[in-house]
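S.K.: Got a structure for you, written out below as structure tokens; questions coming shortly.
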Amino acid sequence: MLVRTRPYRPAFDRSFDRAFDQLTSSFFTSVKRTPVVDASWQDGNLILAVDLPGTPAEQVAVSVADRTLTIKVADEHSSWERSLRLGAALDAEQVTANYVDGRLTVSVAAAAQPEARTIEIATTAPEDIEAATASAEDAPEGQPENGTSEIA
């Protein structure tokens, strides 16, 4: 049996070869990563951040339709899209987007909370309720008292 072995090479040479292979393969392959959407809450507002290095602003679009926020990136080689449903706590009319240095930041404002109000309770019965009550009391026996009456 004949076994062929490589002559001894220092660890530095092997790590250099590995680094060189990784560097050259990154230049000659067009592997695109899927962008990650980071979400956080600041003062009740939803803040979305997406890193899109090397992507021109013209290829990025943000839209809202039927309470669905969509972020879309498209060029001649690939496209990516992410849609998020906006809950009732967010105001779909108050969405802003900013794109600086390859970072898209989308802010969705919190929906305004309706103010509490007191409902006044009437103490006098309207005429139609009084008429319905009076005729139900005068209904002949055998007829159901369902609170309705026929007025001739």
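The values are calculated or read from the model by the stated rules, or taken from the named source; none is laboratory data. Computed from a predicted structure; not experimentally measured. A quick note on method: Cβ atoms are made from the backbone with ideal geometry, for glycine too, and the neighbour counts reach across all protein chains shown.
S.K.: Among the residues of region 50-70, how many are within 19 Å of residue 93 (Cα to Cα) and either of a type in the set (Lys, Arg) or assigned to a strand (DSSP E or B) (or both)? Reasoning before the result, please.
M.R.: Pass one, region 50-70, residues within 19 Å of residue 93 (Cα to Cα): 61-70.
From what is left, the residues that are either of a type in the set (Lys, Arg) or assigned to a strand (DSSP E or B) (or both) are 61-65, 67-70.
Within region 50-70, residues that are within 19 Å of residue 93 (Cα to Cα) and either of a type in the set (Lys, Arg) or assigned to a strand (DSSP E or B) (or both) number 9.
S.K.: Looking at (1) over 16 Å from residue 38 (Cα atoms); (2) assigned to a strand (DSSP E or B), find the lone condition where residue 87 falls short.
M.R.: Here residue 87 meets the rest and fails (2).
S.K.: Is region 142-149 home to any residue that is over 19 Å from residue 35 (Cβ atoms), surrounded by 14 or more Cβ atoms within 10 Å (Cβ to Cβ) and at pLDDT 90 or above?
M.R.: We begin by selecting, within region 142-149, every residue over 19 Å from residue 35 (Cβ atoms); these are 142-149.
Right, trim to surrounded by 14 or more Cβ atoms within 10 Å (Cβ to Cβ) and you get 149.
Okay, now just the ones that are also at pLDDT 90 or above, so none.
For region 142-149, residues over 19 Å from residue 35 (Cβ atoms), surrounded by 14 or more Cβ atoms within 10 Å (Cβ to Cβ) and at pLDDT 90 or above: absent.
S.K.: Further question on the same structure: Would you mind stating whether residue 73 is part of a strand (DSSP E or B), under 22 Å from residue 113 (Cα atoms), touching a strand residue (DSSP E or B) at 6+ places or on another chain (Cβ under 7 Å) and modelled with pLDDT of 90 or more? Full working, then the answer.
M.R.: On the way: part of a strand (DSSP E or B): yes; under 22 Å from residue 113 (Cα atoms): no; touching a strand residue (DSSP E or B) at 6+ places or on another chain (Cβ under 7 Å): yes; modelled with pLDDT of 90 or more: yes.
Against the criterion (part of a strand (DSSP E or B), under 22 Å from residue 113 (Cα atoms), touching a strand residue (DSSP E or B) at 6+ places or on another chain (Cβ under 7 Å) and modelled with pLDDT of 90 or more), residue 73 does not qualify.
S.K.: Oh, and also: For the structure I just gave you, tell me whether residue 67 is exposed (fewer than 10 other Cβ atoms within 10 Å of the Cβ), among the basic types (Lys, Arg) and either at pLDDT 80 or above or under 30 Å from residue 36 (Cβ atoms) (or both).
M.R.: Details: exposed (fewer than 10 other Cβ atoms within 10 Å of the Cβ): no; among the basic types (Lys, Arg): yes; either at pLDDT 80 or above or under 30 Å from residue 36 (Cβ atoms) (or both): yes.
Against the criterion (exposed (fewer than 10 other Cβ atoms within 10 Å of the Cβ), among the basic types (Lys, Arg) and either at pLDDT 80 or above or under 30 Å from residue 36 (Cβ atoms) (or both)), residue 67 does not qualify.
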